[in-house]
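**Student:** Dumping the structure here so I can ask a few things about it.
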Amino acid sequence: MNQPTRGYRVFQGVNGVILTGVVVLTLYPFLNIVARSFSGEREIRSGEVTLWPKGFDLTTYRIVINDGTFWRSYGNTVFYTVVATAVAMILTTCYAYVLSKKDLKGRGFLVGVAVFTMFFSGGLIPNYVLVTSLDLKNSVWAIALPNAISVFNLLVMKAFFESLPRELEEAAEIDGLSTYGILLRVVLPLSKAVVATMILFYSVSFWNSWFQAFLYMDRTDLMPVTVYLRNIIAGATGASNAGATTEQGTQVAASIQAVTIVLTSLPILCVYPFVQRYFVSGVMLGAVKG
């Protein structure tokens, strides 16, 4: 076995230093936010909090968690994310599978339609008028349908499907499987990596989305947790600007942003480790052929 050359060892060392720096720069802000969420108001305002809580205080957590509206909003977010991700995956998978067929008539036109939407859109007002005229307001479809297909995800899945051996589908056709049968029983079982990656992309996008709900949801009981937390931040900012007089009020105003970021990010952080092993292979296999 050949020993690594001196140049390669130098490259590994430099690469390790650079990646370590990237990890530190990426991880430090989040750890600082977590520490601030558990810290006291005085320590936060004086800038004493870095990576460890100072003046441990759970006032803001208690206020948010004891609020029934918070849990209702959290349930709404889970429901919206699950439904919207399911709709997006079904439409994206079917569209990508169609586009992967090089002998399909009109394939270039269909690809062009998808790519066109990456550069041009109808705009906010036409979209609002469309959603309203279709009577989708105050429903999950106002969130799921307008963002059902991400063109980037579509093109990655298309490239992945094109990389699969055509002989597998031909053998399935000889065995009598229909087009849907081939997709469900042959193609998708071989595409777990890219499917898991796309589910992660879509679920993170829908979980963090707030503007669609803010625009199309008029009822408070239908708001997702991102809008709920946005309203809390706005209220805390207003209280801070006005000058909070109580100890509880100043504590909430000081740590509310940190608490909201932690509570919003927690579910995604819990889900990510289960799909992380598919992440790199899913993106690379869908983006590189050969």
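Any read-out appearing in this document is the output of simple, stated calculations on the displayed coordinates, not a laboratory observation. If you're wondering where the values come from, they're calculated on a predicted model, not measured in any experiment. Reconstructed Cβ throughout: ideal geometry from the backbone, glycine too, with neighbour counts over all protein chains shown.
**Student:** Could you check the simple spin-label distance between Leu134 and Trp52, using points 7 Å along Cα→Cβ, in nm with one decimal?
**Tutor:** 5.4 nm
**Student:** Restricting to Cα pairs below 8 Å that are 6+ residues apart, what does the relative contact order work out to for the chain? Please round to a whole percent. Can you show the working numbers first?
**Tutor:** On the way: 277 pairs, mean separation 82.6, N = 290.
Relative contact order here is 28 percent.
**Student:** Excluding same-chain pairs closer than 8 in sequence, count the lysine pairs in the stretch 59-287 whose Cα atoms lie under 23 Å apart.
**Tutor:** Working: Lys101/Lys158; Lys101/Lys192; Lys102/Lys158; Lys102/Lys192; Lys105/Lys158; Lys158/Lys192.
Final tally of qualifying lysine pairs is 6.
**Student:** Multiplying the sequence separation of Arg166 and Trp71 by 0.36 nm and subtracting their Cα-Cα distance, what value in nm do you get? Let's see the in-between values first.
**Tutor:** Numbers: separation 95, 0.36 × 95 = 34.20 nm, distance 4.85 nm.
Working it through step by step, the gained length comes to 29.4 nm.
**Student:** How far apart, in nm, are the 7 Å Cα→Cβ label points at Ser121 and Val10?
**Tutor:** 4.7 nm
**Student:** What does the charge dipole of the chain about its Cα centre add up to, to the nearest 20 debye, if the Cβ of each Lys and Arg holds +1 and the Cβ of each Asp and Glu holds -1? Let's see the in-between values first.
**Tutor:** Details: 21 positive and 16 negative charges, 119 e Å.
So the dipole magnitude of the chain works out to roughly 560 debye.
**Student:** Please report the relative contact order for the stretch 1-114, taking Cα pairs under 8 Å with a sequence separation of at least 6, and give it as a percent rounded to a whole number.
**Tutor:** On the way: 49 pairs, mean separation 14.7, N = 114.
RCO, the stretch 1-114: 13 percent.
**Student:** Which one, (1) 1.27; (2) 1.04; (3) 0.99, gives Cα Rg over 2.2 N^0.38 Å as derived from the coordinates shown?
**Tutor:** Structure-derived value, by its label: (1).
**Student:** Mind checking the full-extension length gain between Ile268 and Ser205? Use 0.36 nm per residue of separation minus the Cα-Cα distance, one decimal, nm. Could the numbers behind the result be given before it?
**Tutor:** Details: separation 63, 0.36 × 63 = 22.68 nm, distance 1.05 nm.
Gain on stretching Ile268 to Ser205: 21.6 nm.
**Student:** Based on the Cβ-Cβ distance of Val17 and Val83, what FRET efficiency does E = 1/(1 + (r/R0)^6) give at R0 = 45 Å, to the nearest 0.05?
**Tutor:** Numbers: r = 45 Å, r/R0 = 0.99.
The calculated FRET efficiency here is 0.50.
**Student:** Given a Förster distance of 25 angstrom, what is the FRET efficiency for Leu190 paired with Gln3, based on the Cβ-Cβ distance and rounded to 0.05?
**Tutor:** It comes out at approximately 0.10.
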